[in-house]
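What follows is a set of notes on a single structure, which appears directly below.
Taken together, the values in this text are just the output of simple stated rules run on the coordinates, not laboratory data. Worth saying up front: this structure is predicted, and the values here are computed from it rather than measured. A quick note on method: Cβ atoms are made from the backbone with ideal geometry, for glycine too, and the neighbour counts reach across all protein chains shown.
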Amino acid sequence: MALIKKKKILGAAIPTGSMADIAFLLLLFFLVATVIDVDTGIGLTLPEFIEDAETVPVSKDRMAALLINENGDVLLDGNVISIPQIRTNLKPRIESKIELDSKKKLIVSVKTDRKTNYNRYIQALDQVKLSYFEVRDEYSESKFGRKFINLSKEEQDDVKEKIPIIISLAEPEAVKK
Amino acid sequence: MKFSKKRASTKQEIPTSSMPDIVFMLLLFFMVTTTLREVDVLVSFKLPEAKAVEKIENKRLVSYLWVGKDSRVQINDNLIKIEEVKNIMYGKRQELPNVIVSLRIDRSIDMGFVTDIQQELRKAYCLRINYSTTVKI
């Protein structure tokens, strides 16, 4: 007498028809949850914090003093100009110093009042950066025939050495006390 | 004479057997690129616009600092006082020596406040900063 139950063995297969649907659902979830926002902004390096920092005298023709006062007026070396004019004023001055050695390049000193609006400051800083980028682009085009961004690493370093971005952030008067 | 339409004898079906594989590939891509650790931003702010912007290539180096319309400062998930910025950022710099601080500051803030934050960052030796802006077209 055989008491063992006999089971019919069916083809042991996992139904894969709905696999695509499940995967699509997961995909949809991640598509919705993903935030592809690239951080964009104006990069700067702050100077180190030193108590009683020494002041080094810098010759006048190296400096471009940019002051944004509390009313939002922009003064370049004491003359009132509009924001788009910053670029047209700075570009020739950067260009004239390309061939000079690294200790004679232009320094842009950006100074603000404590009451200056942040947006205004960013607009001015943007113009300064833009003028540097344009000079770099033009220099790369004349030397390598390509825009700065398409150059190789070594060529970029070469251009960076010729046209360094030196922006000095002067502290507002009230901070010094 | 009887005209009968000729039908193509090939099957008119798109092979769907590789569909899951393709979808899984896509899924994997999104899973890898997703950064799920999102901070709840507790302050409201509107970024300024700029043209000469740079992208931050390495997101892992970035640490955020928010300043809202009402001059409240947020780092990580908490609102903090401006005096605390130094200690928190110093701790962050210990973990990531070349941390980039992305400053997400509302456009209506005074520069005096921004300078105070910058002074704190300088004391904490977080010298690489980035003024977060939106791209002006």
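Of the trypsin sites (Lys or Arg not before Pro) in region A:95-175, not one is in a loop by DSSP (not H, G, I, E or B) with at most 11 other beta carbons within 10 Å. The aspartates and glutamates whose alpha-carbon is closer than 14 Å to the alpha-carbon of A:Lys147, local same-chain residues fewer than 8 away aside, are A:Glu134, A:Asp137, A:Glu138, A:Glu155, A:Asp157, A:Asp158.
Any idea what % of Cα-Cα pairs in region A:79-177 are farther than 16 Å? Across region A:79-177, Cα pairs with separations above 16 Å total 61 percent.
In region B:49-135, one over the average inverse separation of all distinct C-alpha pairs is 13.3 Å, which is the Kirkwood hydrodynamic radius. Rg/Rh for chain A (Cα atoms only, Rh after Kirkwood) is 1.42. Put a plus charge on the Cβ of each Lys and Arg, a minus charge on the Cβ of each Asp and Glu, and nothing anywhere else: the dipole of chain A about its Cα centre is then about 1120 debye. Extents of the protein assembly as shown, largest first, come to 108, 62, 37 Å (Cα atoms, principal axes, whole angstrom). Please give me the summed charge of the neighbours of B:Val67: other residues whose Cβ is under 13 Å from its Cβ, Lys and Arg +1, Asp and Glu -1. Counting the neighbours of B:Val67, the net charge comes to +1. Once backbone amide H atoms are built at 1.01 Å from N, B:Ile105 has B:Val67, B:Ser132 as its partners under 5 Å, excluding neighbours fewer than 5 places away on the same chain. Note on chain B: with charges restricted to the Cβ of Lys and Arg (+1) and Asp and Glu (-1), its dipole about the Cα centre is near 1000 debye. When region A:44-153 is described by a simple charge dipole with +1 on each Lys and Arg Cβ and -1 on each Asp and Glu Cβ, the residue from A:Asn117, A:Ser59, A:Gln85 located farthest towards its positive end is A:Gln85. Provide the net charge surrounding A:Glu99, with neighbours chosen by a C-beta distance below 11 Å and charges set as Lys +1, Arg +1, Asp -1, Glu -1. Charge balance near A:Glu99 sits at +2. Helix A:118-144 and the longest principal axis of the Cα set of chain A meet at an angle near 90°. The C-alpha atoms of chain A define a longest principal axis, and helix A:83-95 lies at about 80 degrees to it.
Counting lysine pairs in region A:85-140 whose alpha carbons fall under 24 angstrom apart, excluding pairs fewer than 8 residues apart on the same chain, gives 14.
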